[in-house]
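Here's the structure, in structure tokens; my notes come after.
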Amino acid sequence: MSLFFKLNAGIIILSLLSACSSTKKSESFSRLSQLDVAAPKAQVKPHQAQYHGLTITDDYHWLRDQDYPEVNDKPVLDYLKAENDYYGKFLAQHKPLIDTLFEEFKGRVDETDTSVPWQKNGYEYRWYFQPGKEYRTWVRRKLDSDVEEVFLDENQLAQGHEYFSLGDWDISQDNTLLAYSVDTDGSERSTIKIKNLTTNEYFADELTDATGEVQFSQDNQSLIYVLLRQDKWLPLSVNVHKLGTQQSSDKVLVTEQDESFFLGFELTSSEQYLVLRSGDSERTEVSVLPMADLTQTPKMLNTREQNFKLEVDHGNGYFYMLTNDNHVNFRIAKAPEQQIQHEQWQTVFAGSDSRYFTGLQVFKDFVAIGQSIQGLESISILPNQGKSHEIELPEKVASVSLGNNPEFSQKQLRINYESMITPDSTYDYDVTTKTLNLRKAKNIPSGYDKNLYVTERIMADARDGVKVPVSIVYKKGFKKDGAQPLYLYAYGGYGIGMPPSFSTTRLSLLDRGFAYAIAHVRGGDEMGYQWYLDGKLDKRTNTFNDFVDVAQHLIDKGYATKGNISIKGGSAGGKLMGAVINQAPELWRSVTLAVPFVDVLNTMLDETLPLTPPEWGQWGNPLASKEVFEYMQSYSPYDNIQAKEYPPMLVTGGLNDPRVTYWEPAKWTAKMRATKTDKNLLLMRMNMGAGHYSNTGRYGRLKDYAEEDAFVLVAHGIEQ
């Protein structure tokens with residue numbers, strides 16, 4: 001599954017930008033005022049706690065329902081409802097703009113979008129959308145037949161649910177059974193169902209409290225899945241469920257007692273082994289089990305005490321390892337099936353300061369390797385016979401990744417490709433002839449001409465001398481004289497890099513005169529794994545400083561003017577937004593904090609929360625160290641709200657969010673309202689029936705984006 005928060009922005013009247021200095025220009029920008037109705041006011045109920053001899057006071061601690069994850073406390077619900085009502089009044093005032101944006105977004109959606117077909121075990125598969133429908137329909141046909149059959153219709157499964165997300169699905173080796181997982185409330189606690197594709201009847205078996213992954217055994221009689229703890233959103237064990245039996249009698253393959261570790265599994269490309277993995281932010285422990293006999297004891301490739309990250313695939317009698325055991329940017333190694341101990345691994349590609357290995361997949365005739373070289377993504381091919389080579393791509397600065405490649409014996413490699421001006425594309429790469437075959441480019445029905453847009457990659461100077469990459473896109477005719485608005489986005493956490501990707505919704509902002517930029521700040525891995533390490537733990541503030549310094553660099557280079565930049569970040573990127581609002585509120589015209597992790601200190605002090613122990617490896621443990629406590633307190637956005645002027649803000653959250661709990665955006669909004677000295681607009685949208693990812697349907701998402709972009713446009717004085 002992969003990370004989601006695409007951002008957009010607004011525009012201002014150019015006459016306000018006439019021949020003034022940068023400082024004078026920023027003073028001329030009016031800020032969006034609060035509504036002419038009273039904003040909600042949360043009750044102040046001081047709550048104190050002591051750590052390391054220090055006392056912290058939290059006036060809005062009460063917004064966390066004491067029965068969480070059940071949220072039934074009436075004062076809490078009343079406050080959330082009041083905020084949603086206030087937000088609704090903003091929407092009502094700007095409905096024409098929101099509707100205009102939604103229609104623009106919808107006009108760029110291919111109503112009958114379909115995937116490139118792929119083959120697996122004697123069948124060809126694809127998905128497609130039906131006109132007007134929110135979700136995909138999945139079909140297959142036998143390779144010797146032209147008749148397609150629907151085996152999974154997400155639209156039918158979503159009926160009656162405010163929230164719906166298909167987690168995973170698998171079809172048995174004999175092609176007769178389907179297993180799939182669904183989440184219908186955003187809690188990311190999935191239910192697994194099993195269906196006979198011949199009779200279209202469901203098994204009585206219904207597996208609950210699952211993470212979502214599903215995998216049939218080779219004999220078609222069992223299903224492998226991950227069971228969550230009952231009391232916490234944490235994986236407990238990888239289980240094998242024998243069809244027709246009670247879930248309580250499932251066999252446990254491996255269990256995890258350390259609450260800071262996440263447990264999971266995957267099937268190797270050869271389909272001969274099941275890979276069992278458990279890890280935290282710094283290390284991974286991996287064992288393997290032959291799929292032909294799940295009763296065997298898993299064999300360990302390494303232990304957590306060896307303290308390195310590891311990903312494993314298998315093919316042609318070898319295990320292939322992607323690991324940072326002896327170089328921060330990882331190496332690629334291999335080992336024969338019977339010689340898998342760490343000291344027996346043979347280096348295939350040594351680690352490199354400039355080449356960062358990010359993924360691999362093994363095929364019958366070659367190995368495909370994902371990599372980043374000096375921050376530019378690419379893919380290399382290592383044939384079984386001959387030298388490795390890099391795939392030649394249409395653009396240097398692009399997002400490229402391994403695509404859907406389910407057949408071990410396939411001769412071509414499917415890759416995903418896009419850039420900030422090139423819509424999502426699917427290519428098949430012929431390994432023998434070294435040629436790319438375009439199989440699909442995103443269709444934009446209302447029209448799109450990439451020649452009307454320009455993308456750049458520049459390097460910005462951070463305050464400590466580090467060069468921070470920035471990806472930028474704008475429409476031709478954009479003048480770098482500081483007269484046009486800028487939308488700046490970043491994430492900066494967990495080693496998750498932000499690719500220079502395409503967005504159809506972004507076009508509405510570019511066409512209204514915006515430049516859009518991604519700041520590839522430390523905390524992600526865009527410039528290698530050390531880039532991630534330099535933005536975590538006691539180096540966390542590098543991320544925040546990078547973002548502010550990128551903004552200043554863009555101002556200096558004429559991409560924007562101080563006070564005329566809108567910004568957005570989500571989740572860990574929401575923490576970033578909170579930090580830079582506190583550090584440099586004068587720079588921003590508007591700020592969107594999407595499911596923001598802003599109550600960092602209080603969350604990291606609460607070890608009863610399921611995600612707190614795993615997060616200590618990212619940010620530090622303030623319970624165990626006074627030094628960590630004080631450092632975290634120095635930047636935790638919620639704890640650093642001050643009585644001063646702040647820019648207009650839109651804050652979003654989800655009541656059922658297990659990652660960033662609903663009270664983080666709620667507490668931030670409540671404290672900000674009570675503390676800030678300005679009369680600028682502050683809105684909160686709390687989705688009462690969803691989690692971290694809010695709306696799940698393709699049109700539902702567009703409605704959310706239209707509301708968010710309307711907020712930004714209005715903040716820049718644009719009403720159409």
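The values are calculated or read from the model by the stated rules, or taken from the named source; none is laboratory data. Computed from a predicted structure; not experimentally measured. When we count neighbours, we look across all protein chains shown, and the Cβ atoms used for this are built from the backbone with ideal geometry, even at glycine. SASA here: full protein model, heavy atoms, side chains in, ligands and nucleic acids out. Shrake-Rupley method; radii C 1.70, N 1.55, O 1.52, S 1.80 Å.
Worth pointing out:
- Qualifying residue in the stretch 144-165 (condition: more than 30 Å from residue 446 (Cβ to Cβ), open to solvent by less than 50 Å² (accessible area, probe 1.4 Å), in contact with a Ser or Thr (Cβ under 9 Å, 6 or more places away or on another chain) and part of a loop (DSSP other than H, G, I, E, B)): no
- Residue within the stretch 123-130 that is outside any strand (DSSP E or B) and free of Cβ contacts under 8 Å to residues at least 40 places away in the same chain present: yes
- For residue 580, the conditions (1) surrounded by fewer than 24 Cβ atoms within 10 Å (Cβ to Cβ); (2) in a helix (DSSP H, G or I) are fulfilled apart from (1).
- Checking each residue in the stretch 645-667 for being part of a loop (DSSP other than H, G, I, E, B) and either within 19 Å of residue 576 (Cβ to Cβ) or open to solvent by less than 10 Å² (accessible area, probe 1.4 Å) (or both) picks out 646, 647, 648, 657, 659, 660, 661, 662.
- Of the residues making up the stretch 668-686, just one is in contact with a Leu (Cβ under 6 Å, 6 or more places away or on another chain) and assigned to a loop (DSSP other than H, G, I, E, B), namely 681.
- Taken over the stretch 283-321, residues that are within 17 Å of residue 358 (Cβ to Cβ) and not β-branched (Val, Ile, Thr) amount to 7.
- Sole exception among (1) assigned to a loop (DSSP other than H, G, I, E, B); (2) farther than 23 Å from residue 105 by Cβ; (3) not β-branched (Val, Ile, Thr) for residue 720, by number: (2)
- Candidates 379, 340, filtered to the one that is out of contact with any helix residue (DSSP H, G or I) (no Cβ under 7 Å at 6 or more places or on another chain), more than 20 Å from residue 528 (Cα to Cα) and β-branched (Val, Ile, Thr): 340
Each row is one residue, and each column tells you yes or no for (1) in contact with a helix residue (DSSP H, G or I) (Cβ under 7 Å, 6 or more places away or on another chain); (2) over 23 Å from residue 182 (Cα atoms).
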position	(1), (2)
68	no, no
73	no, yes
86	no, yes
95	no, yes
101	yes, yes
113	no, no
125	no, no
135	yes, no
146	no, yes
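- Residues (buried (at least 19 other Cβ atoms within 10 Å of the Cβ) and in contact (Cβ under 8 Å) with a residue 40 or more places away in the chain) located in the stretch 282-303: 288, 291, 301, 302
- Scanning the stretch 609-617 turns up no residue that is of a type outside the set (Asp, Glu), within 23 Å of residue 584 (Cα to Cα) and either out of contact with any helix residue (DSSP H, G or I) (no Cβ under 9 Å at 6 or more places or on another chain) or at pLDDT 95 or above (or both).
- Selection within the stretch 314-369 - closer than 23 Å to residue 415 by Cβ, open to solvent by 20 Å² or more (accessible area, probe 1.4 Å) and among the β-branched types (Val, Ile, Thr): 348, 358
- Per-region count, the stretch 166-195, residues of a type outside the set (Val, Ile, Thr), modelled with pLDDT of 95 or more and either in contact with a Pro (Cβ under 8 Å, 6 or more places away or on another chain) or not in a strand (DSSP E or B) (or both): 4
- Any chance residue 419 is surrounded by fewer than 19 Cβ atoms within 10 Å (Cβ to Cβ) and either closer than 23 Å to residue 330 by Cβ or at pLDDT 95 or above (or both): no
- Look at (1) open to solvent by 50 Å² or more (accessible area, probe 1.4 Å); (2) touching a residue at least 40 places away in the same chain (Cβ under 8 Å) and you find that residue 133 fails only one, number (2).
- For residue 103, the stated conditions hold: it is open to solvent by 30 Å² or more (accessible area, probe 1.4 Å) and either at positive phi or of a type outside the set (A, V, I, L, M, F, W, C) (or both).
- Residues considered: 459, 527, 498. Of these, the only one that is of a type outside the set (D, E, K, R) and without any contact (Cβ under 8 Å) to a residue 24 or more places away in the chain is 459.
- A Cβ distance below 6 Å, combined with a sequence gap of six or more or placement on separate chains, defines the contacts here; from the stretch 322-344, residues that are under 23 Å from residue 298 (Cβ atoms) reach residues that are of a type in the set (Gly, Ala, Ser) in the pairs 337/317; 344/335.
- Failed condition for residue 268, given (1) open to solvent by less than 40 Å² (accessible area, probe 1.4 Å); (2) closer than 20 Å to residue 229 by Cα: (2)
- Under the condition of being open to solvent by 50 Å² or more (accessible area, probe 1.4 Å) and aromatic (Phe, Trp, Tyr), the residues counted in the stretch 439-467 number 1.
- Filtered residue count, the stretch 521-544, keeping only those that are in contact with a helix residue (DSSP H, G or I) (Cβ under 8 Å, 6 or more places away or on another chain) and not basic (Lys, Arg): 12
- Of everything in the stretch 551-566 that is touching a Pro at 6+ places or on another chain (Cβ under 9 Å) and of a type in the set (Val, Ile, Thr), the residue that is farthest from residue 716 (Cα to Cα) is 561.
- The residues in the stretch 196-225 that are touching a residue at least 24 places away in the same chain (Cβ under 8 Å), assigned to a strand (DSSP E or B) and open to solvent by less than 50 Å² (accessible area, probe 1.4 Å) can be counted, and the count is 9.
- Residue match in the stretch 625-642 (condition: at pLDDT 95 or above, in contact with a Lys or Arg (Cβ under 7 Å, 6 or more places away or on another chain) and open to solvent by 10 Å² or more (accessible area, probe 1.4 Å)): yes
- Inside the stretch 668-688, residues that are open to solvent by 10 Å² or more (accessible area, probe 1.4 Å) and of a type outside the set (Ser, Thr, Tyr) make up a count of 10.
- Hits in the stretch 226-242 - residues which are assigned to a strand (DSSP E or B) and within 25 Å of the chain's Cα centre (by Cα): 226, 227, 228, 235, 236, 237, 238
- The number of residues in the stretch 468-490 that are assigned to a loop (DSSP other than H, G, I, E, B), surrounded by fewer than 21 Cβ atoms within 10 Å (Cβ to Cβ) and in contact with a strand residue (DSSP E or B) (Cβ under 8 Å, 6 or more places away or on another chain) comes to 2.
- Restricting the stretch 232-249 to residues that are free of Cβ contacts under 8 Å to residues at least 60 places away in the same chain and within 15 Å of residue 610 (Cα to Cα) leaves a set whose member that is surrounded by the most Cβ atoms within 10 Å (Cβ to Cβ) is 235.
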